[in-house]
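Okay, so here's the structure we're looking at.
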Amino acid sequence: MANVYFFGESNEDKQVLGGKGANLGEMIRIGLPVPPGFTIATEVCRIFSKTGKYPAELDSEIKANVEKLEKQLNKRFSDPSNPLLVSVRSGAPVSMPGMMDTVLNLGLNDQTVKALAEKSGNEKFAYDCYRRFLQMFGNVVLGLEHSKFEHALESEKKAQGVELDKDMSTETLKNIIQKYKDVIKADTGKEFTQDPIEQLMAAINAVFDSWNNKRAFAYRRLNHIPDDMGTAVNVQAMVYGNLGDTSGTGVGFTRNPATGENKLYGEYLMNAQGEDVVAGIRTPHPIEDLEKEMPKAYKDLFAAQLLLEKHYKDMQDFEFTIEEGVLYLLQTRNGKRTAQAAVRTAVEMQKEGILSKEQAVLRVPPEQLDQLLHKQLDPVAKTEAEVLTKGLPASPGAAVGEVVMTAARAKEKAEHGTTVILVRTETSPEDIEGMHAAQGILTARGGMTSHAAVVARGMGTCCVSGASDVNCDEEAGSFTIKGQTYKEGDFITLDGATGEVFAGKLRVVEPELSGDFAELMSWADSFRTLKVKANADNPHDSEVARKFGAEGIGLTRTEHMFFDKERILVVREMILAHNVEERKKALAKLLPMQIQDFKGIFKVMAGLPVIIRLLDPPLHEFLPKEEVDIAEVAKEMDIPVKNIKDMIENLHEFNPMLGFRGCRLAITYPEIAEMQAEAILTAAMECEAEGINVIPQIEVPLVGHVKEFVIVRDIIKKVAADIGADGKVKYEIGTMIEVPRAAITADEIAKEADFMSFGTNDLTQMGCGFSRDDAGKFLGNYVDKAIYPRDPFQAIDQDGVGKLMEICIEKARSTKPNIEIGICGEHGGEATSVEFCHKIGMNDVSCSPFRVPIARLAAAQAALKYPKN
């Protein structure tokens, strides 16, 4: 296999050529105007990352492709009359906007800059290109601080009395070029190289190196992109948008990436190069203005974007340059979009005949639906609030939080639980971790396609960009709007849908989910085979779950009901009891409370199954911990402080998660399980008497041995017989699979149990040997070192814990083929985990109510990708 491929002459896919290289070749093949060039394959990056060396034949392949490019364009590197100039850009198989490095205008030197000036008839343009190249090469390739070049630039502008870059004379540019060369010589000890081939090889090396820079690494971690994927490098002939008033550059989308509206959307700048648009340094013009300014170029661009979307069958994000009236496309990729835009685009493309329903369902990333479930600003609160300023609605949603002025502070404060809004003049790729940590982003400069806007939309983060009234003072930690100062720690509110900025904290409201969203979800439900349930501990959460399409409750944690202020004293009375009689007396007080708890949930979930887990956590969790609280509880219960302290000491465990909890409580104190079983079954009988269909499923937690399950099951059955529930309520008794021993003896347990549900948090804890409460200290490092691809408490460890799950299912169904097996816990709402559950043959998943739509869509996509016979 070759290492280097000329644009349009290879059918290799994105895994080989990267997204940019593959798409450039594709655009050439469908007849679009693309400057020629070549791609160095991703495999070269992988080899370089592993060994620090390139394949032996790479140099000769690069030089052969340079010669081919020279021949096609009739230009030569270092040609004093017609020089070849190129850009060198990254291009991974997965889009990583702004995370890796780019070098433009490569091939310029002291001789070729004169040729460019003569050929273009614009000396100022040529020297401006050289100035840009030296700065980019010095920063990206040689690793010099950007600020050193900025200082040289500003000092020369000041000396010449120039304020704006565009007002610099040719002589000023020549002086700056010399200063840039001096910076390079002072820092590297070497003169800036005049050899274009040396420049090219160094630039290629720098772009490959940038695959492992800090921001690229952070972006991959945030977006779960494998470190061994690698990037390609694209070398492409330069075209110039800064040749004068008939040249320009811009970024476009075939549909609105914020709303999904089917309308050409984008921005451009005349007499500029590409980085001027995306860097947010100048605020660009909306793309519709181009129709008036350059009608022919706009017409060509409009036709090109129609062809792009028709060919790729997806919204495209493309970059273009107009050189002296002639349009060129520099790249295209599937556009990053908000959840709202993703859903609308998928549904409308299906209706336009571009996509099938199956393709439309596969088009929307499940995790992205989380954005649609975020709260929005209360319209009434907005009418009562004063709008401080208005910027561009770069990414929708509501953001209410404390002001921070740097990405580092955003990350730091968010890690301590503070909700923050990052305020910047403009963002850069280095800000990626702070942007991810922020609830919202506000920038003073930049348009709808600036770095802040594109990255925020991809993350689903609320963003207002280009709010020109905002003046940032990073050193002071504050910003001003129309003379009013706001400092770090002050609260502001953003409306990403309108671009409005408000002082203080505005109220938010629940989202309404209908229209395109409801239609897409109805298609998803028609394809999926997994049932989706919800974890809910009260009627309100159950109602939310049902509204979001839950088909039952997969986990009700009864212990959450015990922390209510009125009940906690009764629970403590039960724990502090000296004998069974005292304990039963306290439990008798809890019984009517529990009956009402379960009735409330049963009524909301009428006709759907509800799994209720018996008491699971260790009893010490219900007792006070601080001296002040212990004294207060002793006073309220009218008992000596010593009694409480003695019980706390008695219940103390070195490893409570592996201690006296779950079914162990029910076996030792059967009266607790008796009370809960009576409450569940009485509530069910009362509901049935009122004509409400109830399907209760009683779940025994932390079973490791079949005999444990049988003991607790028999307790429940005896209660059912004693209160006359048999024949009146159709109930089931099952168990959670949390202990590895239960998973590998599932054939024995399945003979006795009606259903099983994986408690993957505990199964991960015991299967991997991680303490769930402490592993956060090192798991991030494990993921960074690729020991685990994801935090196993966030996504199922398919190679380890997943194998236990497969063993469990196989063994359970060997003795009871139709046993229902599900999963509860947050893994049940994580897309890759849902897909895994489908593949291994589970019946259902359960997750928090707000993740039910995510699980429904993930289950549908799994069924489409891995159909079952």
Fill in: Boolean, GLU198 is charged (D, E, K, R), open to solvent by 20 Å² or more (accessible area, probe 1.4 Å), closer than 21 Å to THR102 by Cβ and free of Cβ contacts under 8 Å to residues at least 24 places away in the same chain
yes
Practice prompt. Considering each of SER833, SER814 in turn, give the residue that is polar (S, T, N, Q), at pLDDT 95 or above, in a helix (DSSP H, G or I) and more than 26 Å from LYS547 (Cα to Cα).
Written response: SER814
Worksheet, complete the sentence: Condition set small (Gly, Ala, Ser) and part of a loop (DSSP other than H, G, I, E, B), scope the range 63-87, selection least open to solvent (accessible area, probe 1.4 Å): answer is SER78
Worksheet, complete the sentence: Among PHE302, PHE320, the single one that is outside any loop (DSSP other than H, G, I, E, B) and crowded, with 24+ Cβ neighbours inside 10 Å is PHE320
Worksheet item: Looking at GLU171, GLU150, GLU163, which is the one that is more than 19 Å from VAL207 (Cβ to Cβ) and part of a loop (DSSP other than H, G, I, E, B)?
Response: GLU163
Worksheet item: Between a first residue in the range 655-676 that is at positive phi and a second residue that is open to solvent by less than 50 Å² (accessible area, probe 1.4 Å), which pairs have beta carbons less than 6 Å apart while being 6 or more apart in sequence or on different chains?
Response: GLY662/ASP616; GLY662/PRO701; GLY662/LEU702
Discussion item. For the range 684-738: of the residues being aliphatic (A, V, I, L, M) and open to solvent by 70 Å² or more (accessible area, probe 1.4 Å), which is modelled with the highest pLDDT?
Written reply: ILE711
Worksheet item: Restricting the range 101-110 to residues that are out of contact with any Asp or Glu (no Cβ under 9 Å at 6 or more places or on another chain) and on the phi < 0 side of the Ramachandran plot, which is surrounded by the most Cβ atoms within 10 Å (Cβ to Cβ)?
Response: LEU108
Discussion item. With the requirement that a residue be within 46 Å of the chain's Cα centre (by Cα), open to solvent by 40 Å² or more (accessible area, probe 1.4 Å) and not charged (D, E, K, R), what does the range 567-593 give you?
Written reply: LEU569, PRO592, MET593
Fill in: Condition check for PHE253: open to solvent by less than 10 Å² (accessible area, probe 1.4 Å), over 29 Å from LYS310 (Cβ atoms) and aromatic (Phe, Trp, Tyr)
no
Discussion item. Suppose the filter is surrounded by fewer than 16 Cβ atoms within 10 Å (Cβ to Cβ) and within 26 Å of GLN596 (Cβ to Cβ); does GLU627 pass it?
Written reply: no
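Conditions tested, residue by residue: (1) touching a Lys or Arg at 6+ places or on another chain (Cβ under 6 Å); (2) touching a residue at least 60 places away in the same chain (Cβ under 8 Å); (3) open to solvent by less than 10 Å² (accessible area, probe 1.4 Å); (4) more than 24 Å from GLY841 (Cβ to Cβ).
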residue	(1), (2), (3), (4)
ARG528	no, yes, no, no
LYS533	no, yes, yes, no
SER542	no, yes, yes, yes
GLU551	yes, yes, no, no
GLY554	yes, yes, yes, no
Discussion item. Condition first: under 24 Å from the mean Cα position of the chain (by Cα), closer than 15 Å to ILE840 by Cα and surrounded by 12 or more Cβ atoms within 10 Å (Cβ to Cβ). Now tell me which residues in the range 772-800 satisfy that.
Written reply: ILE796, ASP797, GLN798
Item to complete: Exactly one condition in (1) over 30 Å from GLY260 (Cα atoms); (2) of a type outside the set (Val, Ile, Thr); (3) at pLDDT below 95 is not met by GLY552; state its number.
Response: (3)
Fill in: Candidate set from the range 221-248 (those that are at pLDDT 95 or above, not in a loop (DSSP other than H, G, I, E, B) and not small (Gly, Ala, Ser)); member that is surrounded by the most Cβ atoms within 10 Å (Cβ to Cβ)
VAL233
Response to the item:
PHE192 meets each of (1) over 14 Å from VAL141 (Cα atoms); (2) outside any helix (DSSP H, G or I); (3) touching a residue at least 40 places away in the same chain (Cβ under 8 Å) with one exception, condition (1)
Discussion item. Give me the strands (runs of 3 or more DSSP E) completely within the range 347-434, filtered to those with at least 3 residues that are farther than 30 Å from LEU857 by Cα and out of contact with any helix residue (DSSP H, G or I) (no Cβ under 9 Å at 6 or more places or on another chain), ordered by residue number.
Written reply: 387-390
Discussion item. Looking at the range 832-843, I want the residues that are over 13 Å from GLU806 (Cβ atoms) and open to solvent by less than 10 Å² (accessible area, probe 1.4 Å) and have a partner that is of a type in the set (Gly, Ala, Ser) and not in a helix (DSSP H, G or I) with Cβ atoms under 7 Å, at least 6 apart or on another chain. Which pairs are those?
Written reply: SER833/ALA795
Worksheet entry | Considering residues of the range 460-475 that are modelled with pLDDT under 90 and open to solvent by 50 Å² or more (accessible area, probe 1.4 Å) only, the residue nearest to ALA437 (Cα to Cα) | GLU474
Discussion item. Criterion first (under 30 Å from GLY244 (Cα atoms), of a type in the set (A, V, I, L, M, F, W, C) and in contact (Cβ under 8 Å) with a residue 24 or more places away in the chain) does LEU329 satisfy it?
Written reply: yes
Worksheet entry | Number of the condition not met by VAL633 [criteria: (1) over 41 Å from the mean Cα position of the chain (by Cα); (2) without any contact (Cβ under 8 Å) to a residue 24 or more places away in the chain] | (2)
Fill in: Breaking point among (1) of a type in the set (Val, Ile, Thr); (2) open to solvent by less than 10 Å² (accessible area, probe 1.4 Å); (3) assigned to a helix (DSSP H, G or I), for VAL454
(2)
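The values are calculated or read from the model by the stated rules, or taken from the named source; none is laboratory data. Here the structure is a predicted model, which is why all the values come from computation and not from measurement. Positions of Cβ are generated from backbone atoms using ideal geometry, with glycine treated the same way; all protein chains shown enter the neighbour counts. Areas reflect the complete protein model, heavy atoms only, side chains present, ligands, DNA and RNA absent. Shrake-Rupley method; radii C 1.70, N 1.55, O 1.52, S 1.80 Å.
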